[in-house]
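Peer 1: Pasting a structure here, questions to come.
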Amino acid sequence: MFIDTHCHILKEYYDDIEKVISESKKQKVECLISCGCATKDIEESLKLVTQFPNLYLSIGYHPDAINDYDLDYLKENLESTRVVALGEIGLDYHYVETEEEKEKQKELFERQLEIAEELNIPVVIHSREATKDTMDTLKKYNVKGIIHCFSGSYETAIEYIEMGYKLGIGGVVTFKNSKLSEVIKKLSLDDIVLETDSPYLCPDPYRGMQNSPKYIPIIAKKIAEIKETSIDEVMNKTTENALKMFPGIKL
Ligand code: NI
């Protein structure tokens with residue numbers, strides 16, 4: 001069984017969620033962690049899990065939400081059924097124009113890390129063009145979790161791993177221009193979990209199309225090639241890693 005540790009299962013993206021889930025099941029992707037990163041998405045996600053027993057949630061405010069978040073609401077719901085993580089949270093400097101915006105992102109990030117530490121819940125980290133600040137911030141808190149959509153250097157990977165994090169690997173590893181293969185080659189399978197980030201980042205040969213958790217085996221196959229091992233080994237190891245990281249998953 002595979003676990004897609006990071007996807008966004010929302011009506012906004014999928015007309016037929018039941019179909020997405022059943023197609024994924026046919027590809028052995030039997031457990032999904034859907035991320036709700038804004039209040040309306042969190043509300044919808046909390047309703048969805050009541051319909052689908054293999055759907056779990058990570059909830060938290062993405063750096064995009066700096067002007068619209070409610071941490072009391074978040075905190076109340078972190079202990080809801082099938083919420084297994086806080087995220088995705090972090091720093092995204094891609095579109096940032098002012099220092100003030102960066103400061104606001106850092107504040108939101110830190111306040112959520114405090115909550116994660118207090119409730120002892122794993123985090124899902126979003127970091128884009130902000131590696132140093134992300135790392136410096138994470139070092140201040142006693143938390144662990146997943147570095148979502150990891151695509152950094154080997155040195156960065158090792159630093160995160162030594163801090164207790166695992167790396168979320170998705171469709172990017174299948175892209176021709178990606179240097180991620182060289183990094184993964186040197187890492188242990190113990191340090192990796194699989195994710196699609198659906199509906200985004202569809203793996204090759206479907207790059208640019210709408211992604212789905214059913215494509216997890218494509219990512220696993222690519223990692224198996226890089227690591228010169230079997231898809232089953234990648235599946236078993238990454239599932240074991242995800243279950244260890246997210247003890248809230250009860251299969
Ligand atoms: Ni995401």
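Peer 1: For Leu86, are the conditions met, namely being more than 23 Å from Tyr141 (Cβ to Cβ), within 16 Å of the ligand (Cβ to nearest atom) and either open to solvent by less than 30 Å² (accessible area, probe 1.4 Å) or modelled with pLDDT under 95 (or both)? Working first, answer last.
Peer 2: Values: more than 23 Å from Tyr141 (Cβ to Cβ): no; within 16 Å of the ligand (Cβ to nearest atom): yes; either open to solvent by less than 30 Å² (accessible area, probe 1.4 Å) or modelled with pLDDT under 95 (or both): yes.
Judged against the criteria, Leu86 is not a match.
Peer 1: Just a yes or no: is a residue in segment 115-125 open to solvent by 60 Å² or more (accessible area, probe 1.4 Å) and in contact with a Phe, Trp or Tyr (Cβ under 9 Å, 6 or more places away or on another chain)? Outline the logic, then answer.
Peer 2: Filtering segment 115-125 down to residues open to solvent by 60 Å² or more (accessible area, probe 1.4 Å) leaves 117-118, 120.
Now restrict to residues that are in contact with a Phe, Trp or Tyr (Cβ under 9 Å, 6 or more places away or on another chain): 117.
Scanning segment 115-125 turns up at least one residue that is open to solvent by 60 Å² or more (accessible area, probe 1.4 Å) and in contact with a Phe, Trp or Tyr (Cβ under 9 Å, 6 or more places away or on another chain).
Peer 1: Between a first residue in segment 15-32 that is within 17 Å of Leu194 (Cβ to Cβ) and a second residue that is surrounded by fewer than 22 Cβ atoms within 10 Å (Cβ to Cβ) and among the polar types (S, T, N, Q), which pairs have beta carbons less than 6 Å apart while being 6 or more apart in sequence or on different chains?
Peer 2: Within 6 Å, the pairs are Glu30/Asn54; Cys31/Asn54.
Peer 1: From (1) in a helix (DSSP H, G or I); (2) away from the ligand (no atom under 16 Å from the Cβ); (3) in contact with a helix residue (DSSP H, G or I) (Cβ under 9 Å, 6 or more places away or on another chain); (4) over 18 Å from Ile125 (Cβ atoms), pick out the condition that doesn't hold for Thr229.
Peer 2: Against the list (1) in a helix (DSSP H, G or I); (2) away from the ligand (no atom under 16 Å from the Cβ); (3) in contact with a helix residue (DSSP H, G or I) (Cβ under 9 Å, 6 or more places away or on another chain); (4) over 18 Å from Ile125 (Cβ atoms), Thr229 comes up short only on (1).
Peer 1: Restricting segment 55-66 to residues that are closer than 14 Å to His8 by Cα and of a type outside the set (A, V, I, L, M, F, W, C), which is surrounded by the most Cβ atoms within 10 Å (Cβ to Cβ)?
Peer 2: Per the stated criteria, the residue is Gly60.
Peer 1: Continuing with this model, one more query. Listed residues Tyr69, Tyr14, Tyr93; which is under 24 Å from Ile216 (Cβ atoms), of a type in the set (Phe, Trp, Tyr) and crowded, with 16+ Cβ neighbours inside 10 Å? Lay out the reasoning, then the answer.
Peer 2: Numbers: Tyr69 fails: under 24 Å from Ile216 (Cβ atoms); Tyr93 fails: under 24 Å from Ile216 (Cβ atoms).
Going through Tyr69, Tyr14, Tyr93 in turn, the sole match is Tyr14.
Peer 1: If you check Leu251 against the conditions, is it on the phi < 0 side of the Ramachandran plot, exposed (fewer than 15 other Cβ atoms within 10 Å of the Cβ) and in contact with a strand residue (DSSP E or B) (Cβ under 7 Å, 6 or more places away or on another chain)? Reasoning before the result, please.
Peer 2: Numbers: on the phi < 0 side of the Ramachandran plot: yes; exposed (fewer than 15 other Cβ atoms within 10 Å of the Cβ): yes; in contact with a strand residue (DSSP E or B) (Cβ under 7 Å, 6 or more places away or on another chain): yes.
Yes.
Peer 1: Which of (1) open to solvent by 50 Å² or more (accessible area, probe 1.4 Å); (2) modelled with pLDDT under 95; (3) of a type in the set (S, T, N, Q) is the odd one out, the single condition Ser178 does not satisfy?
Peer 2: (1)
Peer 1: Looking for whichever is more than 21 Å from Val143 (Cβ to Cβ), out of contact with any helix residue (DSSP H, G or I) (no Cβ under 9 Å at 6 or more places or on another chain) and basic (Lys, Arg) here; the options are Lys179, Lys214. Which one fits?
Peer 2: Working: Lys214 fails: out of contact with any helix residue (DSSP H, G or I) (no Cβ under 9 Å at 6 or more places or on another chain).
Result: Lys179 is the single residue among Lys179, Lys214 that is more than 21 Å from Val143 (Cβ to Cβ), out of contact with any helix residue (DSSP H, G or I) (no Cβ under 9 Å at 6 or more places or on another chain) and basic (Lys, Arg).
Peer 1: Taking the conditions exactly as written (within 19 Å of the chain's Cα centre (by Cα) and either over 27 Å from Ala130 (Cα atoms) or not in a helix (DSSP H, G or I) (or both)), does Leu86 satisfy them or not?
Peer 2: Working: within 19 Å of the chain's Cα centre (by Cα): yes; either over 27 Å from Ala130 (Cα atoms) or not in a helix (DSSP H, G or I) (or both): yes.
Considered against the rule, which asks whether it is within 19 Å of the chain's Cα centre (by Cα) and either over 27 Å from Ala130 (Cα atoms) or not in a helix (DSSP H, G or I) (or both), Leu86 comes out as yes.
Peer 1: Among the residues of segment 197-243 satisfying the criterion of being hydroxyl-bearing (Ser, Thr, Tyr) and within 19 Å of Val183 (Cβ to Cβ), which is most open to solvent (accessible area, probe 1.4 Å)?
Peer 2: Pass one, segment 197-243, residues hydroxyl-bearing (Ser, Thr, Tyr): 198, 200, 206, 212, 215, 229-230, 238-239.
Still in the list and also within 19 Å of Val183 (Cβ to Cβ): 229, 238.
Values: Thr229: 53, Thr238: 6 Å².
Residue satisfying both the conditions and the ranking: Thr229.
The values are calculated or read from the model by the stated rules, or taken from the named source; none is laboratory data. These numbers were taken from a predicted model, which means no experiment stands behind them. Positions of Cβ are generated from backbone atoms using ideal geometry, with glycine treated the same way; all protein chains shown enter the neighbour counts. Heads up: the accessible areas ignore ligands, DNA and RNA and are worked out on the full protein's heavy atoms, side chains in. Shrake-Rupley method; radii C 1.70, N 1.55, O 1.52, S 1.80 Å.
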